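Asker: Right, I'll just put the structure down here and ask away after.
The values are calculated or read from the model by the stated rules, or taken from the named source; none is laboratory data. The structure presented is a predicted model; accordingly, all values stated were derived computationally and were not measured. Glycine gets a Cβ as well: all are built from the backbone with ideal geometry, and neighbour counts include every protein chain shown. The area values use the complete protein model at the heavy-atom level, side chains included, leaving out ligands, DNA and RNA. Shrake-Rupley method; radii C 1.70, N 1.55, O 1.52, S 1.80 Å.
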Amino acid sequence: MKTLKIASMLAASVALPLTASATELEVTHWWTSGGEAAAVAELAKAFDASGDKWIDGAIAGGGGTARPIMISRITGGDPMGATQFNHGQQALELVEAGLMLDLTDVAEANNWKDIVYPPSLLDACTVDGKIYCAPVNIHSPEWLWLSNKVYEDLGIPVPTNWNEFVASAPQVDAAGKIPLALGNQPWQSNLAFGAMQIAVAGLDAWKAVNVDKNMDVAAGAEYAAVFQAAADARELARKSTVQDWNQATNLVITDQAAGQIMGDWAQGEFQVAGEVAGKDYTCLLGLGLNEYISTGGDAFYFPKLDDPEKEAAQKRLAAQLVSPEVQVAFNLKKGSLPIRGDIDLAAANDCMKKGLEVLAGGNIVPSGDMNWSPDVQKQNEDLMVEFWKSDMSPADAHAKWVENLKSGL
Ligand code: BGC
């Protein structure tokens, strides 16, 4: 604790501006749900407290809507001071086009190579040996969130894994509840499918496909089982008509739905609603079948602005985002895990503790954004939309999915 305090004081003094006037930076992101807004407010508060000015540029509609807007502003000559992307390949073309600020000096001055854990997070920010982003969190998408009350009312135990969840669904349905809450935006069904990959196919098959790009395994039996699980999930989600992910989470919070497959950012919503992990809701990592965390998440990138004063503020913000005190304040509200292992998260709830434990144990895999290009991911999102909204057979969807992956090799 003592070390943390001293480190915080040092970081705060380093962050103090050299001039009295605040430098304004517009920061774009897609954090607009209750929990997300509470978390991003911590970043803004810290930046303002250190003498600069955060101009909030929230873009509603989720990452799928926000990213094209962010990218076209940067390529179209109207860059913001900083912007969220998922760390991985989303900003790669912008970096390669020379549009983004090189943060290598900030990273070196603040020892990012030694403190950022797992190192893959910094690797995902690195292009040709230079560092272009400041990672702020680890978000893992493969969780099943359950309403305890739905099961208490039915007089049956809360499921401990996906198979039990599917088996209990007819009772949930008969009680007039929605077995599986799912929002309509394309990325959400894609995320659910991604969670099923590790849970159902298992780690070896997952790695063979996503890391080694083995297309025989992709076309094989383990993945046929994943598509069958997705077809089951499609049935369970038939009664879910909401659009946004947080509306779907709200169905679980208000006990209208039994469960939702969603990233750990859902925790922010449960928290804002005053719900307690373990008491009001249950979280099952790897859908309770295979406890792995894929280490995706968020990072901030800084477009080149050709303005030395702004550039200095961009670098101050980059350093601050990685600092211990901002990491604690932000991640506790966001429901994500910090990108450094040297800080105290004693206040974490049971679900975050589970995530921290799995992270420390090293059961981690790279995220989809790190494994596949935005193009392949977009094709798979489109496929998932079609699959979840039609009666497309699991076998047909499976064949098309393998084709999509092959297009990215
Ligand atoms: C981001 C999260 C965010 C979620 C839903 C993900 O892409 O990594 O930070 O909470 O989208 O908006």
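Asker: Only residues that are within 28 Å of Gly368 (Cα to Cα) and open to solvent by 10 Å² or more (accessible area, probe 1.4 Å): list them for region 41-53, please.
Answerer: The answer is Ala41, Glu42.
Asker: Considering only region 106-126, how many residues are of a type in the set (Gly, Ala, Ser) and over 20 Å from Gln314 (Cα atoms)?
Answerer: Total satisfying the criteria: 1.
Asker: With the condition kept exactly as written, say whether any residue in region 58-72 is more than 11 Å from the ligand (Cβ to nearest atom) and in contact (Cβ under 8 Å) with a residue 60 or more places away in the chain.
Answerer: No, region 58-72 has no match at all.
Asker: Restricting attention to helices (runs of 4 or more DSSP H) lying wholly within region 335-409, give those where 3 or more residues are basic (Lys, Arg) and more than 30 Å from Glu325 (Cα to Cα).
Answerer: In region 335-409, there are no helices (runs of 4 or more DSSP H) which contain 3 or more residues that are basic (Lys, Arg) and more than 30 Å from Glu325 (Cα to Cα).
Asker: Under 20 Å from the mean Cα position of the chain (by Cα) and at pLDDT 95 or above, is that true of Gly220?
Answerer: Spelling it out, it is not the case that Gly220 is under 20 Å from the mean Cα position of the chain (by Cα) and at pLDDT 95 or above.
Asker: Right, next: Just checking, how many residues over region 97-136 are within 16 Å of the ligand (Cβ to nearest atom) and either polar (S, T, N, Q) or modelled with pLDDT of 95 or more (or both)?
Answerer: Of the residues in region 97-136, 6 are within 16 Å of the ligand (Cβ to nearest atom) and either polar (S, T, N, Q) or modelled with pLDDT of 95 or more (or both).
Asker: What is the number of the single condition among (1) open to solvent by 40 Å² or more (accessible area, probe 1.4 Å); (2) out of contact with any helix residue (DSSP H, G or I) (no Cβ under 9 Å at 6 or more places or on another chain); (3) at pLDDT below 95 that Val385 does not meet?
Answerer: Among (1) open to solvent by 40 Å² or more (accessible area, probe 1.4 Å); (2) out of contact with any helix residue (DSSP H, G or I) (no Cβ under 9 Å at 6 or more places or on another chain); (3) at pLDDT below 95, the lone unmet condition for Val385 is (2).
Asker: Report whether or not Gly274 is in a loop (DSSP other than H, G, I, E, B) and either charged (D, E, K, R) or away from the ligand (no atom under 15 Å from the Cβ) (or both).
Answerer: For Gly274, the condition - in a loop (DSSP other than H, G, I, E, B) and either charged (D, E, K, R) or away from the ligand (no atom under 15 Å from the Cβ) (or both) - is met.
Asker: Of Gln314, Gln327, which residue is more than 18 Å from Ala39 (Cα to Cα), surrounded by 21 or more Cβ atoms within 10 Å (Cβ to Cβ) and among the polar types (S, T, N, Q)?
Answerer: So the residue among Gln314, Gln327 that is more than 18 Å from Ala39 (Cα to Cα), surrounded by 21 or more Cβ atoms within 10 Å (Cβ to Cβ) and among the polar types (S, T, N, Q) is Gln314.
Asker: If you take the residues of region 77-86 that are in contact with an Asp or Glu (Cβ under 7 Å, 6 or more places away or on another chain) and closer than 14 Å to Gly297 by Cα, which of them is least open to solvent (accessible area, probe 1.4 Å)?
Answerer: Gln84
Asker: Considering only region 129-173, how many residues are open to solvent by less than 70 Å² (accessible area, probe 1.4 Å) and either touching a Cys at 6+ places or on another chain (Cβ under 7 Å) or more than 20 Å from Asp232 (Cβ to Cβ) (or both)?
Answerer: The number of residues fulfilling the criteria is 15.
Asker: Kindly provide the set of residues from region 54-76 that are under 29 Å from Pro324 (Cα atoms) and either aliphatic (A, V, I, L, M) or surrounded by 15 or more Cβ atoms within 10 Å (Cβ to Cβ) (or both), ordered by number. Before you say what the answer is, go through the steps one by one.
Answerer: Filtering region 54-76 for residues under 29 Å from Pro324 (Cα atoms) gives 54-60, 62-63, 66-67, 70.
Listed by number, the residues that qualify are Trp54, Ile55, Gly57, Ala58, Ile59, Ala60, Gly62, Gly63, Ala66, Arg67, Met70.
Asker: Residues that are under 30 Å from Ala66 (Cα atoms) and within 16 Å of the ligand (Cβ to nearest atom): list the helices (runs of 4 or more DSSP H) wholly contained in region 137-254 that include at least 2 such residues.
Answerer: Passing ranges, in order: 186-196, 245-253.
Asker: Oh, and also: Residues that are under 20 Å from Val158 (Cα atoms) and not basic (Lys, Arg): does region 214-229 have at least one?
Answerer: Yes, region 214-229 has at least one match.
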